[in-house]
Every structure is written in structure tokens, then in C-alpha cells.
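One structure below.
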Number of protein chains: 2
Amino acid sequence: MAEPFGAVEVIRTKRDGGALSDAQIDWVISAYTRGAVADEQMAALAMAVLLRGLTPAELTRWTAAMIESGERLDLSGVSRPTTDKHSTGGVGDKITLPLAPLVAACGAAVPQLSGRGLGHTGGTLDKLESIPGWRAAVSNEDFVRQLNEVGAVVCAAGDQLAPADRKLYALRDVTGTVESIPLIASSIMSKKIAEGSASLVLDVKVGTGAFMKDLASARELAATMVSLGTAHGVRTVALLTDMSTPLGRTAGNALEVAESVEVLAGGGPADVVALTLALAREMLAGAGLPDVDPAEALRDGRAMDVWRAMIAAQGGDPAAPLPTARERHVVAAPVSGLLTRLDALAVGVAAWRLGAGRARKEDAVAAGAGVVMLAKPGDEVREGQPLLELHADDPALFGRALEALDGGYDIGGELTPTPLVIDRIS
Amino acid sequence: MAEPFGAVEVIRTKRDGGALSDAQIDWVISAYTRGAVADEQMAALAMAVLLRGLTPAELTRWTAAMIESGERLDLSGVSRPTTDKHSTGGVGDKITLPLAPLVAACGAAVPQLSGRGLGHTGGTLDKLESIPGWRAAVSNEDFVRQLNEVGAVVCAAGDQLAPADRKLYALRDVTGTVESIPLIASSIMSKKIAEGSASLVLDVKVGTGAFMKDLASARELAATMVSLGTAHGVRTVALLTDMSTPLGRTAGNALEVAESVEVLAGGGPADVVALTLALAREMLAGAGLPDVDPAEALRDGRAMDVWRAMIAAQGGDPAAPLPTARERHVVAAPVSGLLTRLDALAVGVAAWRLGAGRARKEDAVAAGAGVVMLAKPGDEVREGQPLLELHADDPALFGRALEALDGGYDIGGELTPTPLVIDRIS
């Protein structure tokens with residue numbers, strides 16, 4: 001088949017700072033997906049995009065072309081209003097686990113296609129997979145049925161959802177072209193828009209443990225994604241939230257499931273509860289249910305009921321004991337004083353090295369591994385008091401995890417409190 | 001084998017505007033050559049280099065690494081001083097053909113590893129291959145022997161000469177990363193330095209028919225290559241020469257061989273003779289023979305003697321009739337007046353479309369095809385007088401060649417004479 005463009009001409013246009021035409025964008029994404037544009041050509045284009053940028057019009061079209069590369073889920077058979085949340089990834093970010101059933105308990109449907117973790121941020125599917133029997137794979141038919149019957153599905157995206165993104169993301173990962181706001185935004189939003197939800201709340205993390213380390217970049221990414229969602233007819237808002245310290249008191253897989261269940265039972269760490277409620281209110285507003293108070297559904301056990309149903313619907317046993325790691329190692333406070341800093345990246349890397357995360361896509365994660373934070377910034381600690389508890393199956397892993405934690409916390413000095421929700425962008 | 005670097009880390013360093021370390025450069029070129037850095041990774045790096053540049057120190061090391069990827073020819077067995085010329089490519093640029101034997105006739109040895117043409121600029125090997133029996137392949141042993149016995153070899157580079165460049169050049173060609181001065185300079189110079197010549201004259205073309213369209217870029221490329229040659233111990237100078245109009249009166253393969261033989265016989269177009277002599281004087285100076293007058297060796301037939309020996313040494317019959325194209329088409333002057341412009345690119349593309357050049361590396365070229373220029377800028381022409389003669393084996397090719405020539409010449413108006421040699425950079 002004769003191609004309407006040459007890859008070199010498209011690459012040169014962007015390389016020289018020009019704007020790609022709609023037809024060029026449609027072609028290059030489609031041709032890359034079917035293999036008519038080679039990996040090395042897309043890599044050169046991705047680098048040119050990273051260094052030259054995309055105009056808002058180019059980015060909207062680029063995202064549309066990525067969505068068009070696969071199927072867009074049809075949720076017209078779902079009787080409730082649909083709403084979803086996406087987090088750009090953080091340490092201890094188990095929010096989806098209590099949030100999805102909570103929002104469903106309030107009357108909306110939450111169709112969440114989620115991912116596995118890579119590097120120091122955990123993946124929602126990895127966490128749920130620590131529940132005995134739970135399966136991440138759900139067919140399109142079961143997806144719609146579960147949304148109607150339970151109100152929430154958290155599952156793996158099928159191969160037919162934005163295949164261009166799957167291919168491009170793997171390429172960017174090995175070619176140093178991940179850190180591009182337009183490419184990040186189109187990657188996230190192509191999948192989220194293809195998922196079919198009518199509204200979407202973005203939790204854009206900012207801080208040491210986040211992908212975006214500074215507020216300006218996080219704000220730019222949030223605004224870019226909100227514009228993209230809006231341009232594609234999805235009601236989209238973003239919260240910028242703090243990721244300088246981990247969320248909650250656990251970072252790991254089964255450890256975070258257990259903490260989420262505490263939240264669903266009406267307890268749990270204050271920051272996890274607060275962020276869960278803040279995001280739930282945004283999602284309910286997006287779903288046209290602004291007057292429903294999610295706090296009530298936490299208190300009265302309805303969210304827990306949906307959680308149990310949601311886990312059971314995907315083969316999981318919500319009552320089964322969660323896996324635990326074979327070995328523990330306690331990090332004690334070296335001095336007494338106020339814990340003023342506990343760095344999200346340090347804890348994230350430690351949890352990763354303990355086996356909770358993976359370095360390569362093919363790796364398995366250890367369900368029980370991770371870090372339990374026995375103190376958080378703002379807590380007074382006494383010398384010798386347990387500060388952190390490291391969980392791993394293999395005690396040989398403690399050494400490198402401890403290295404990651406070296407310099408990762410401060411006792412004494414000023415506590416500079418950061419608001420959990422920094423800004424809202426709509 | 002454990003790699004000392006990760007490709008992503010190297011790519012990110014350059015992407016973010018940093019300088020690569022010597023060890024990073026050595027590694028990435030070597031790893032790419034042996035396949036441990038993938039094409040898509042090198043493509044991203046090439047685009048980052050194109051957009052971010054290389055410092056002089058990085059470029060020198062990059063070039064050294066490309067040379068180190070293969071063998072550097074040992075010309076210590078050559079009894080005469082060695083000197084070579086490289087042209088960045090132009091239309092009608094047959095200069096190597098009279099130049100190499102001329103310089104050899106003056107007492108130097110000319111070890112020229114040359115290439116085939118791609119696109120609108122012809123390749124020296126393609127031209128020589130139009131001579132019945134002539135072979136481009138010469139073993140290293142025969143190379144040295146021919147240099148001693150004849151004084152000049154023009155042949156194809158072996159696979160072991162800068163293999164990194166061969167691989168990288170093919171990649172750049174399909175990834176829109178050709179137009180980078182550091183990458184162009186290191187590509188040319190790695191091969192020329194590996195060739196083993198003690199001195200080198202660069203003919204950097206500038207104008208419509210050249211790779212460098214403007215003087216500033218040509219000057220930058222020339223200065224970059226001169227620095228690289230000098231840094232690697234090769235006495236290097238560059239002439240910037242005009243390529244706004246074709247060199248001589250022919251563009252093609254056998255057509256240019258015939259014109260070159262005219263020059264060797266003491267005739268030929270004035271511009272070809274002038275540039276041949278200018279480059280010969282630079283080469284002889286580089287070889288430590290500044291007082292030898294090459295004009296004399298043209299006049300007295302010594303250059304022609306070396307030409308015949310050089311062709312015969314590679315199996316060619318210098319006395320055999322040259323191939324001619326089956327069909328001719330004359331372009332007549334549409335009006336009378338002064339021919340003020342004959343565009344090099346237009347003629348180059350026309351010759352290419354007539355079969356003299358190739359669009360893809362695998363293509364064959366037609367030995368007899370090309371363009372004969374019956375008038376050049378500065379000539380008065382009469383309406384109806386033959387201006388150009390197109391030669392092709394297939395008359396169906398005339399149409400698209402004529403399209404390329406449309407608007408490619410002006411009769412009337414101002415003649416703005418350009419010096420043939422614009423500048424000298426050492």
C-alpha cells in the first residue's frame with residue numbers, strides 16, 4: 001500500500017520546529033501501530049517532540065489518533081453515571097482501593113482500567129493481585145455487567161485499548177523520551193478517554209516521590225490533561241496533591257490493601273481518608289451527584305460492602321488473610337525529636353528494593369514486601385523507637401533498602417507542613 | 001557481559017543539554033556497532049545530538065570512537081607522501097577523476113576510498129564503473145601495491161572501515177537525522193582518517209546543488225572537519241567552492257568520465273580544469289610538494305598516463321568506448337539572450353531522474369544517462385539553440401526530467417558571477 005507521507009518528512013517537520021498537520025499525525029500514529037513506521041523513526045520523532053513540543057492542536061490530534069488506534073469502550077449499557085480517577089503515581093498511593101468502591105457506593109459507576117507498577121511507584125493491579133484469587137483480566141462484557149451490578153471495576157486494560165500508546169510507551173521507556181509533558185499527557189489521556197468514562201478526576205502528584213518534582217511542571221501536566229479530556233468530551237478536573245512524603249503508613253502491595261481496608265472500615269490514616277474523600281467528592285460532582293456525601297458511605301459500611309463485592313466479582317476472597325513477608329527489619333529513631341521529613345522517593349525506592357516493585361516489566365513483585373511507617377512527619381519520636389519496619393521475603397534485600405533510606409528522613413529542625421491538596425485545575 | 005552504561009542515561013544526558021563523557025561516547029558507539037544499543041536508542045540519541053549539538057571535545061571523541069569501531073589502514077608501506085581529497089558532493093562533480101591521477105603524476109600517492117551516489121549528487125564509483133571492466137573492490141594488499149606502482153587508487157571502502165559510520169549513516173538516512181553538522185563531519189572524517197592518508201583536502205560545496213545551501217553552514221562544516229582532521233594528526237585544509245551551477249558541461253556517469261578524459265588530455269571545461277588545479281595544489285602542499293606545478297603534468301600527458309594505469313590496474317580498459325544512452329532529447333532556448341542561471345539542483349535532479357542516480361542504495365544506475373549542458377551561465381544563446389541534451393535509455397524518463405528543469409535556468413536579467421573557490425579554511 002502506498003503511504004501518503006514519508007516518515008522522514010514528518011520527523012523533519014517536527015525537528016525543525018514546525019507543526020504537524022492533522023493528516024501527518026493521523027498517519028504517523030497509525031503507521032507506527034501497524035509497523036509501517038519503524039521503531040527508530042518513532043524514536044527520532046519522540047525525541048523531536050520532547051525537545052520541540054507539540055501545540056495544543058497537535059496534541060489533541062495526537063491523542064485522538066492514539067485513541068483511534070484501538071477501540072473506545074462503549075459504556076452506554078451502564079445505567080449509572082460513569083466517573084473515574086487517574087493518579088500520576090506516588091509512593092503509598094493506594095487511594096484507588098478505597099475510592100472506587102466508595103464512589104460506587106454513592107451511586108456512580110467507576111470503570112477503572114489500571115496498570116502495573118514500574119520503578120519506585122507501585123501499581124494498583126499489583127496491590128489488588130496480593131488478594132488471594134483476584135484476577136486483573138476482565139472481558140468487555142463482564143466489565144459492563146460488573147459496573148451495573150457492583151458499580152466499580154478495577155482491571156487491566158485489554159490489548160485493544162490504545163495499542164499505539166502501548167507500543168509508544170515501551171519505546172519511550174528505552175529511548176530517553178519519557179519526560180515530555182505532551183507525550184505523558186497523551187499517553188495517560190488516550191487510555192482514559194478510550195476507557196469510556198463520561199467524567200474523570202486526575203490526581204497529579206508533585207514532590208520527590210512523584211514523576212513531577214516541581215509544582216510548575218505538575219501544573220502544566222494537569223492543565224494539559226484537563227484540556228485534552230475536555231477537548232474529547234470528558235468532564236475532567238485535576239487535583240494537584242503532595243507527594244513529598246508517602247501517603248498513609250504503608251508502601252507495598254498487601255500492606256496497602258490492608259491499610260485500604262482499614263479506611264473502608266472507617267479508620268485508617270488521616271491523609272489517606274482525606275484524599276479519598278476529596279477525590280470522591282470530585283468524582284461524584286463529575287458524575288452529576290454533587291450533593292452526595294461520601295463520608296457517610298465510609299461510616300455506614302456501604303463502601304466496604306461494595307469493596308467486598310468488587311473483589312469477589314473478580315475471583316478474589318475479601319475475607320482471606322493477606323500474604324505477609326517472611327522477614328522484618330526495624331529502623332529505630334537514632335535521636336529523639338520531631339520527625340520533620342520522611343522522603344517519599346527514599347521510601348518508594350526502599351519498598352521497590354524490598355521486592356514490592358519491579359525494575360523490568362517482566363519481573364514479578366513480592367506481595368508481602370514493603371515499608372511500614374510507624375511515624376510520619378509531625379510525630380514526636382524517642383531515640384530507639386521503631387520508625388520504619390521493612391518487610392521482605394529475603395533478608396539479603398534489607399541492605400540496599402536501608403541505603404535508599406539513608407538521608408531519607410530528618411528528626412529535628414523545622415516542620416514545613418504542605419497541604420495535601422495543593423490546587424484544583426478545571 | 002555487563003554494560004558500563006545504560007543507553008537511556010546517555011541519551012538523557014545529551015537530551016538535557018549536557019556533555020557526554022569520553023567513556024560514554026566510546027561505549028555508545030562501540031555498543032551500537034555490536035548491537036547492544038538498539039537502532040531506536042541510537043535514533044533518539046542522533047536526534048538529541050542534532051538538536052543539542054556536540055562540543056568540539058565530544059565531537060573529536062565521537063569521531064575517534066567511529067574510527068576505532070573498525071580498522072585504520074596502514075599506509076606505512078607506501079613510499080610516497082599520501083594525500084587525499086573529499087568532496088561533500090555536487091552536480092557534475094567529476095573532479096576526483098582527473099585530480100587523483102594528476103596528483104599522483106606530480107609525485108604524491110592518492111589513497112581514495114570513495115562512495116556511490118544517492119539522490120541528485122553522483123558518486124565517483126558510479127562514474128568509474130561506467131568504464132568497461134573497471135572494478136571498485138580492491139584488497140588492502142592491492143591498495144598499497146597500486147599506490148606504490150601507480151600512485152593513485154580510487155576504490156570502495158571495505159566493510160572494516162568505520163563500520164559504526166556505515167550503520168549510523170544508514171540509520172540517520174531513515175530517521176531525519178542527516179542534517180547535523182557534527183554528525184556529517186564525524187561521518188566524513190571518520191572514514192577519511194581511517195583511510196590512513198597523512199593529508200587531506202576537503203572540497204566543501206555550497207549552493208543549490210550542494211548539501212549545504214548557505215555559506216555559513218558550509219563554513220561551519222568545513223571548519224569542523226578541518227579541526228577534526230587536525231586533532232587526529234591529519235594535515236587538513238578545506239576549500240569552500242560554488243555549487244550553485246553544475247561543474248563542467250556534463251552530469252552523469254560515462255558522460256563525466258568522457259569530460260574528465262578531455263581534461264586529462266589538456267582540454268575540458270575551464271571550471272573543471274581550474275578546480276582540479278586548485279585542489280591539486282592544496283593536495284601537493286599537504287604532501288610536502290608545494291613547488292610542483294600540476295598544470296605542467298596536465299599539459300605534458302603525465303596525468304593521462306597515470307589515469308590509464310590507474311584504470312587498468314583495477315581491470316578497466318581506458319581505451320574502450322564508453323557506454324552511451326539509447327535516447328536523447330534536446331531542450332532548446334525558448335528566447336535569445338544571456339544565460340544568467342543554470343541551477344545545479346535542477347540539473348542534478350534531472351540527471352538522477354534520467355537514470356544517472358539512484359533513489360535507494362539497492363538501485364542500479366544507467367551508465368550512459370545524464371545531462372549535457374551545451375550552454376553555461378555567461379553564454380549568449382539564441383532562441384531555438386540547443387541548451388541542454390538529456391540522455392536516457394528509456395524515453396519515458398524525459399518527462400519527469402524536464403519537470404525538474406522547469407524554472408531551472410534563466411535567460412536574460414543580471415548575471416551575478418560567483419567565484420569558483422569562495423574561501424579556504426585551514
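The values are calculated or read from the model by the stated rules, or taken from the named source; none is laboratory data. Everything quoted here is computed from the prediction, not taken from an experiment. Backbone-built Cβ (ideal geometry, glycine too); neighbour counts: all protein chains shown. Each accessible area value is taken on the protein alone, full model and side chains, heavy atoms only, with ligands, DNA and RNA left out. Shrake-Rupley method; radii C 1.70, N 1.55, O 1.52, S 1.80 Å.
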> Given H placed on each backbone N at 1.01 Å, which residues far from residue A:388 in sequence or on other chains put an amide H within less than 5 Å of it?
Replying inline: A:331, A:374
>> Taking a point 7 Å out from Cα toward Cβ as the label site, list the nm distances between residue B:296 and the same residue in every other copy, smallest first.
In response: 11.0
>> Suppose we keep just the DSSP beta bridges with both residues in the protein assembly as shown; what percent of those would be antiparallel, to 5?
In response: 55 percent
>> My understanding is that a pair violates if its Cα-Cα distance is over 32 Å; which of A:192/B:167; B:14/B:191; B:213/B:376; B:94/B:167 do that in this structure?
In response: A:192/B:167
>> Please state the shape class of region B:83-313: rounded when a/c is under 1.5, otherwise prolate if a/b exceeds b/c and oblate if not, all from the C-alpha gyration tensor.
In response: rounded
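Compute, for chain A, the length of the dipole vector about the Cα centre, with Cβ point charges of +1 (Lys, Arg) and -1 (Asp, Glu) only. Units Debye, rounded to 20. Display every interim value, and only then the final one.
Values: 39 positive and 53 negative charges, 72 e Å.
Roughly 340 debye for chain A.
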> On full extension of the chain, what length is gained from residue B:160 through residue B:382, given 0.36 nm per residue of separation minus the C-alpha to C-alpha distance?
Replying inline: 74.5 nm
> Taking the label point 7 Å from Cα in the Cβ direction, how far apart in nm is residue A:140 from each other copy of itself, listed shortest first?
Replying inline: 6.1
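Which value, in square angstrom to the nearest 100, describes the accessible area buried between chains B and A on both sides, using a 1.4 angstrom probe? Mind dumping the intermediate values first?
Numbers: alone 16760 and 16750 Å², together 31820 Å².
By this definition, chains B and A bury close to 1700 Å².
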>> Assume the label is 7 Å from Cα along Cα to beta carbon: what separations in nm does residue B:266 have to the matching positions in the other copies?
In response: 11.5
> On full extension of the chain, what length is gained from residue A:9 through residue A:336, given 0.36 nm per residue of separation minus the C-alpha to C-alpha distance?
Replying inline: 111.3 nm
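Just to be sure I understand the rule: take each whole DSSP H helix in chain A, project its Cα atoms onto its long axis, keep it if the span is 20 Å or more and its mean Kyte-Doolittle hydropathy is at least 1.0. Which ones pass?
Values: long enough: A:215-231 (24 Å, 0.89); A:270-286 (24 Å, 1.29).
In chain A, the long hydrophobic H runs are A:270-286.
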>> Compute the distance from the alpha-carbon center of region A:56-106 to that of region B:385-421, in whole Å.
In response: 60 Å
> Using modelled amide H (1.01 Å from N, peptide plane; none on Pro or chain starts), what sits under 5 Å from the amide H of residue A:153, excluding residues fewer than 5 places away?
Replying inline: A:110, A:112
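Based on the Kirkwood radius over alpha-carbon pairs, what value in µm²/s does the Stokes-Einstein equation return for the translational diffusion coefficient of region B:190-322 at 37 °C and 0.692 mPa s? Display every interim value, and only then the final one.
Numbers: Rh = 16.5 Å.
For the chosen part, D equals 199 µm²/s.
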> Can you give the mean number of other chain Cβ atoms that lie within 10 Å of the Cβ atoms in peptide B:47-54?
Replying inline: 5
>> Within region A:6-37, list the residues whose amide N lies under 14 Å from a label point set 7 Å along Cα→Cβ of residue A:71.
In response: none
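What is the average number of partner chain Cβ atoms found within 10 Å of a Cβ in B:292-299? If you can, show how the numbers build up before the last one.
Working: counts 0, 0, 0, 0, 0, 0, 0, 0.
Partner-chain Cβ atoms within 10 Å, mean over residues of B:292-299: 0.
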> For residue B:205, which aspartates and glutamates qualify as cross-link partners when the Cα separation must be under 17 Å and same-chain residues fewer than eight apart are set aside?
Replying inline: B:84, B:93, B:179, B:214, B:220, B:242, B:271, B:282, B:343, B:423
> Per residue Cα convex hull volume for chain A, in cubic angstrom?
Replying inline: 137 Å³
> Classify region B:253-342: rounded, prolate or oblate, from the alpha-carbon gyration tensor (a ≥ b ≥ c, eigenvalue square roots; a/c under 1.5 rounded; otherwise prolate if a/b is larger than b/c)?
Replying inline: oblate
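Near residue B:361, within a Cβ-to-Cβ distance under 10 Å, what is the net charge of the other residues, with Lys and Arg +1 and Asp and Glu -1?
Numbers: positive: B:116, B:358, B:360; negative: B:173, B:362, B:363.
Summing Lys/Arg as +1 and Asp/Glu as -1 gives 0.
Ignoring ligands, DNA and RNA, what accessible area per residue does chain A give at 1.4 Å, in Å²?
Working: 15900 Å² over 426 residues.
On a per-residue basis, chain A sits at 37 Å².
Can you give the longest run of chain B that contains no trypsin sites (Lys or Arg not before Pro) sitting in a DSSP loop with at most 16 other Cβ atoms inside 10 Å? It would help to have the intermediate numbers written out before the result.
Values: sites that count: B:34, B:72, B:135, B:213, B:326, B:360, B:361, B:382.
Result for the longest clean stretch: B:214-325.
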> Where the centroid of each part is defined by its Cα atoms, how far is region B:155-178 from region A:146-209 in Å?
Replying inline: 38 Å
> In whole angstrom, how long is each semi-axis of the equivalent ellipsoid of region B:327-411, when you take the square root of 5 times every eigenvalue of its Cα gyration tensor and sort them from largest down?
Replying inline: 24, 12, 9
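Residues of B:168-176, mean number of Cβ from any other protein chain within 10 Å of their own Cβ, rounded to a whole number? Write out the running numbers ahead of the final one.
On the way: counts 0, 0, 0, 4, 3, 1, 9, 14, 15.
For this peptide, the per-residue mean of nearby foreign Cβ atoms is 5.
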>> Please give the charge dipole size of region B:35-143, origin at the Cα centre, charges +1 on K and R Cβ atoms and -1 on D and E Cβ atoms. Round to the nearest 20 debye.
In response: 360 debye
> Given the C-alpha centroids of region B:264-316 and region B:332-379, what is the distance between them in whole angstrom?
Replying inline: 26 Å
> How many percent of Cα pairs in the protein assembly as shown exceed 53 Å?
Replying inline: 33 percent
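Within chain A, what's the longest stretch lacking GluC sites (Glu not before Pro) that sit in DSSP loops with no more than 13 other Cβ atoms inside 10 Å? Please report the intermediate quantities before stating the final value.
Working: sites that count: A:362, A:383, A:414.
Result, exposed sites excluded: A:1-361.
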>> Given axes a ≥ b ≥ c from the Cα gyration tensor, I'd like to know whether region B:67-178 is rounded (a/c under 1.5), prolate (a/b larger than b/c) or oblate.
In response: oblate
>> If I build a Gaussian network model for chain A, linking alpha-carbon pairs within less than 10 angstrom, which residue out of A:354, A:102, A:50 has the largest mean-square fluctuation?
In response: A:50
> What ratio of Cα Rg to 2.2 N^0.38 Å holds for region B:8-60?
Replying inline: 1.02
> Picking from A:10, A:38, A:54, whose Cα lies most toward the positive end of the charge dipole for region A:9-55 (charges on Cβ: Lys, Arg +1; Asp, Glu -1)?
Replying inline: A:54
